[in-house]
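The values are calculated or read from the model by the stated rules, or taken from the named source; none is laboratory data. This structure is a prediction, so every number in the text was calculated from the model and none was measured. Ideal geometry is used to build each Cβ from the backbone, glycine not excepted, and the neighbour counts take in all protein chains shown.
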Amino acid sequence: MVIGIAETPERRRESLEDLVVVDVDVHLHEIPAEMAKYCAMPWRKSLEFQATIPERYLDSPGLSPGQDGLWAPFPGGHDATRTVRTARQMVEELREISVDIGILFPDHLLKMALLPQVDYAVALMHAYNAWMVDQWCSREQTLKGCIVACPQDPLAAAKEIEHYAKDPGIVGVYLPTAAVAPLWGHRLYDPIYQAAQDADLPVLFHSVATIHPNFPHNTHGFETEMGQHTVGHAFSIIANLVDVVTTGVMVRFPRLRIAFTEAGLSWVPFIMHRLDKEYLERRREVPYLTQRPSRYVRQFYFATQPVEEPENPQDLVDIIRLYGGEDTTLFASDWPHHDFDHPRKVYQLPFRPEVRRKIMGENALHFFQIDAQGKRLNI
């Protein structure tokens, strides 16, 4: 996306390199053989065995249950070799695209909610978090991690948050969203929210395309991957956002910071207005909500990727203004996935300079409570 914007002669426009760029969604790649060293028995044996299985793109038995084999393959697109396997590699690659600080999410464990074995899910949570802190966050200050909180055992997840609450490399809690059941507004998950609020760590909902017969995905009916991928991320995020709002999570945990990643932005004003419309008709059903649902949505943060590319770029700027997103929109690239967004895609949008600085990095510094060098401010 190339956008020409006139510069005033009085002031040179800041270049991308002039800004602090925080990428709130970059993906390290889990290596089963390495994670096994941090995993309890008997699940360690499973990870050791998984290390012998040829790898596919986000489609690995026991780590990322996938359905890539359902679609007719074409050249290009998904590439299992397009991964980042070390902290040094991640820092170098992010630097090449002008990113100063990267917030780490997993690859395979994006699909963690699909795993049916509770004890295995808990063991994976422990192993992944310990491996990430030891091999990634503790080695590079500009790489910050979001520990995974497995939805299969909220009490174990809450203890995990307590364990890492003061770790200088951890800045958030990742909540797997694809095919999660029940949705994240359920009181079953209150221990996770309580622990995150007590630790002053934000929670981040991250989706991924998954074919599942249950709503919110309902994507098993699509005949093309294009159709399935168009709505998969957004359906999952919308359903969980609506559940979080309508069940009163923000009322129960008023200091909790929440972000939604990898679903784009253009749906946000719609869901705000839709929630308000329903509230005006059914507010007796939710007496614990003390204000319109849109007011709660305006407290959430939203990551840009996959950023929409309208013919008129001003349309996206207007959409962000409609949900009050100048202070709550976060830049995300999804590096190094095949559909990543280069920082220039967002940088080139016709924002006012101060808004551009906020979205490219300043909003994220505030959300994660870190400084421009990646140091945590709240420990």
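Against the condition part of a loop (DSSP other than H, G, I, E, B) and either at pLDDT 95 or above or of a type in the set (Ser, Thr, Tyr) (or both), how does Tyr120 come out, does it pass?
Spelling it out, it is not the case that Tyr120 is part of a loop (DSSP other than H, G, I, E, B) and either at pLDDT 95 or above or of a type in the set (Ser, Thr, Tyr) (or both).
Restricting attention to region 174-188, which residues are in contact with a helix residue (DSSP H, G or I) (Cβ under 8 Å, 6 or more places away or on another chain) and either assigned to a loop (DSSP other than H, G, I, E, B) or surrounded by fewer than 24 Cβ atoms within 10 Å (Cβ to Cβ) (or both)?
Hits for region 174-188 are Thr177, Ala178, Ala179, Val180, Ala181, Pro182, Leu183, Trp184, Gly185, His186, Leu188.
Would you mind telling me which numbered condition in (1) loosely packed, with under 10 Cβ neighbours inside 10 Å; (2) at pLDDT below 95 Ile3 fails?
Condition (1) is where Ile3 drops out.
For Tyr301, indicate whether it is crowded, with 21+ Cβ neighbours inside 10 Å, farther than 29 Å from Met90 by Cβ, touching a residue at least 24 places away in the same chain (Cβ under 8 Å) and in contact with a Leu (Cβ under 9 Å, 6 or more places away or on another chain). Explain how you work it out, then say what you get.
Numbers: crowded, with 21+ Cβ neighbours inside 10 Å: yes; farther than 29 Å from Met90 by Cβ: no; touching a residue at least 24 places away in the same chain (Cβ under 8 Å): yes; in contact with a Leu (Cβ under 9 Å, 6 or more places away or on another chain): yes.
No: the conditions fail for Tyr301.
Which of the residues spanning region 137-157 are touching a helix residue (DSSP H, G or I) at 6+ places or on another chain (Cβ under 7 Å), of a type outside the set (Lys, Arg) and either part of a loop (DSSP other than H, G, I, E, B) or crowded, with 22+ Cβ neighbours inside 10 Å (or both)? It would help to see each step written out before you state the result.
From region 137-157, those touching a helix residue (DSSP H, G or I) at 6+ places or on another chain (Cβ under 7 Å) are 139-140, 142-145, 147-157; that's our starting set.
Subset that is of a type outside the set (Lys, Arg): 140, 142-143, 145, 147-157.
Glu140, Thr142, Leu143, Gly145, Ile147, Val148, Ala149, Cys150, Pro151, Gln152, Asp153, Ala157 - these are the residues of region 137-157 that are touching a helix residue (DSSP H, G or I) at 6+ places or on another chain (Cβ under 7 Å), of a type outside the set (Lys, Arg) and either part of a loop (DSSP other than H, G, I, E, B) or crowded, with 22+ Cβ neighbours inside 10 Å (or both).
Please verify whether region 354-366 includes one or more residues that are part of a loop (DSSP other than H, G, I, E, B), of a type in the set (Gly, Ala, Ser) and in contact with a strand residue (DSSP E or B) (Cβ under 7 Å, 6 or more places away or on another chain).
First, the residues of region 354-366 that are part of a loop (DSSP other than H, G, I, E, B): none.
No, the conditions are met nowhere in region 354-366.
Are any residues in region 342-379 basic (Lys, Arg), farther than 17 Å from Leu16 by Cβ and within 20 Å of the chain's Cα centre (by Cα), and if so, which ones? Step through it out loud before you land on a result.
Applying the first criterion (basic (Lys, Arg)) to region 342-379 yields 344-345, 352, 356-358, 375-376.
Still in the list and also farther than 17 Å from Leu16 by Cβ: 375-376.
Of everything in region 342-379, just one residue is basic (Lys, Arg), farther than 17 Å from Leu16 by Cβ and within 20 Å of the chain's Cα centre (by Cα), namely Arg376.
Only one of (1) more than 26 Å from Leu104 (Cβ to Cβ); (2) at pLDDT 95 or above fails for Gln197. Which number is that?
For Gln197, the exception is condition (1).
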